[in-house]
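The values are calculated or read from the model by the stated rules, or taken from the named source; none is laboratory data. All values derive from a computational prediction rather than experimental measurement. Here the Cβ positions follow ideal geometry from the backbone for every residue, glycine too, while neighbour counts run over all protein chains shown.
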Amino acid sequence: MKVAQVQQSIREYAVSIGIDKIGFTSAAPFLELKNRLRRQQELGYQSGFEESDIEKRTEPSLLLDRAESIIAIAVAYPSKMQDSPKGKKGERRGIFCRASWGTDYHIVLREKLQLLETYIAKLVPDAKMRSMVDTGELADRAVAERAGLGWSAKNCSIITPEFGSYVYLGEMITNIPFQPDTPMEDQCGDCTLCMDACPTGALIQGGQLNAQRCIAFLTQSKKPIPEEFRAKIGNRVYGCDTCQTVCPKNKGMYNLHQEAFKPEGELAKPLLVPMLTLSNRQFKETYGHMSGSWRGKNPIQRNAILAIAHFKDEAAVPALIELLVTDPRPVIRGTIVWALGEIGCSTGIEAIKDAIQNEVDEEVLNEMQNVLDTK
C-alpha cells in the first residue's frame, strides 16, 4: 500500500475510534520553539512539570530512531455541564476545571493512540512508532500547530475551528514519511480578552505564560500558595478556565459528544467541607479516575480551604477549627489560619489565639501572627 493510501486509511480509522481531529507533520526539529523554551527557562516562567531537556522537547529524532513524521490528534472535551449542582449558603461548592471532567484524558487518549498504533502496524508491518500524551517529551501544542489542527493562541492553547480550545492533544512519532498537512493561520487578531481577564496576569504577552503566576499551576502546587494569589483562586479546587471561557472563538463550543468526558456534577462541583476530611483512600476512590487527582488530596484540600474563605462561609468554621487543632500538615494548618482571618468571625480568631500556644511550625506561626496583628 502506498504511503498516501496508508495516510488516508489512518484518517478514516481515527474518526471511527473517536478521534476528533488528526493531522500530520514532519519530524523536523522545532527550532523556533527551542528558542522560546530557552527564553522561558531564563525568565523562570516554567512550571517544573514539563520535560527539562529542551533538546528532547524539540528534536523528535532523539525520541525515535529514523523519525520521519509525527501524527497529531485532538479529542474534544465539554465546556458545559448539564444539570450542574448549585451551591448555597452552608453548602458551598468548589469546581474542577473542564479539563478534569470525566475520565482522565491521559487514559482515554493513550487508548486511542494504542488502537492507532495497532492499526498502523497492520498496514505497515515494519513501522516504528512512539506515542505520548501531555507528559511526554514533545510539546503537544507545537506539534498540533505544525500539523494543522489549529493555531497557537494568545491564551497558550491550540484553538481548533470545530471545537475551540477545548481539546486534548496527543501525538505519535513514526518512521513513515507521511505528507505534511498545512499549518493554520493565526486567527486571534488584535483580541486580548484572555490576557485582560487572567486573574493573576500570568499571560505576559500573546502566547507567553508565566506558569509561576498561573492559577492552573498554583492549584497543583503542593506548597503554600503565596498570599497575593490566595483570594484570586476563588472556588477553584483544581485548574482554571478563565482564559478559555472569555475567548470569542469558544462561544457555543459545548462539545458534549465524548461520553468519557461527561462530568458527574457532584464530582466536578464538589461540596467543599466534606472534602476536607477525606482520607487518601477515600480521595482516590472518589476522584482517582479524574485527571485533577494526579497530585493527590493535599493540594485539593488546601484549595478547598481557600474556596471556603472565598465564600466567607461561617458554617464551615467549626470544621476548619477542628483541622487546625488536629491536622498534622503545616500547609493545611497555615491555609486554615489565613481562611479564618478572611472569614473574620470571633470564634475563628479565638481558635487561632488558642492554637498558637501549641504550634511549632514557623510558617504556620507567621500566618497566625499576621492574622492576629490585623484583628
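In table form, for the structure just shown:
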item	result
Flag if Gln187 is surrounded by fewer than 19 Cβ atoms within 10 Å (Cβ to Cβ), under 20 Å from Arg141 (Cβ atoms) and free of Cβ contacts under 8 Å to residues at least 60 places away in the same chain	no
Near pairs, Cβ below 9 angstrom, 6+ apart or cross-chain, from the range 277-293 (more than 12 Å from Val237 (Cβ to Cβ)) to any residue that is modelled with pLDDT under 95	Ser291/Asp134
Residues of the range 69-126 classified as assigned to a loop (DSSP other than H, G, I, E, B) and more than 15 Å from Ile173 (Cα to Cα), total	21
Number of positions in the range 353-375 that are assigned to a helix (DSSP H, G or I) and either of a type in the set (Asp, Glu) or closer than 15 Å to Ala309 by Cα (or both)	6
From the options Arg57, Arg141, residue that is under 25 Å from Glu185 (Cα atoms), touching a residue at least 12 places away in the same chain (Cβ under 8 Å), under 16 Å from the mean Cα position of the chain (by Cα) and in a helix (DSSP H, G or I)	Arg141
Ala316, sole failed condition from (1) assigned to a loop (DSSP other than H, G, I, E, B); (2) surrounded by 14 or more Cβ atoms within 10 Å (Cβ to Cβ); (3) under 32 Å from the mean Cα position of the chain (by Cα)	(1)
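Yes/no matrix, rows are residues, columns are (1) modelled with pLDDT under 95; (2) among the aromatic types (Phe, Trp, Tyr); (3) within 30 Å of Leu306 (Cβ to Cβ); (4) surrounded by fewer than 18 Cβ atoms within 10 Å (Cβ to Cβ):
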site	(1), (2), (3), (4)
Leu37	yes, no, no, no
Gly44	yes, no, yes, yes
Ser47	yes, no, yes, yes
Glu51	yes, no, yes, yes
Glu55	yes, no, no, yes
Ile71	no, no, no, no
Lys89	yes, no, yes, yes
Ala99	no, no, yes, no
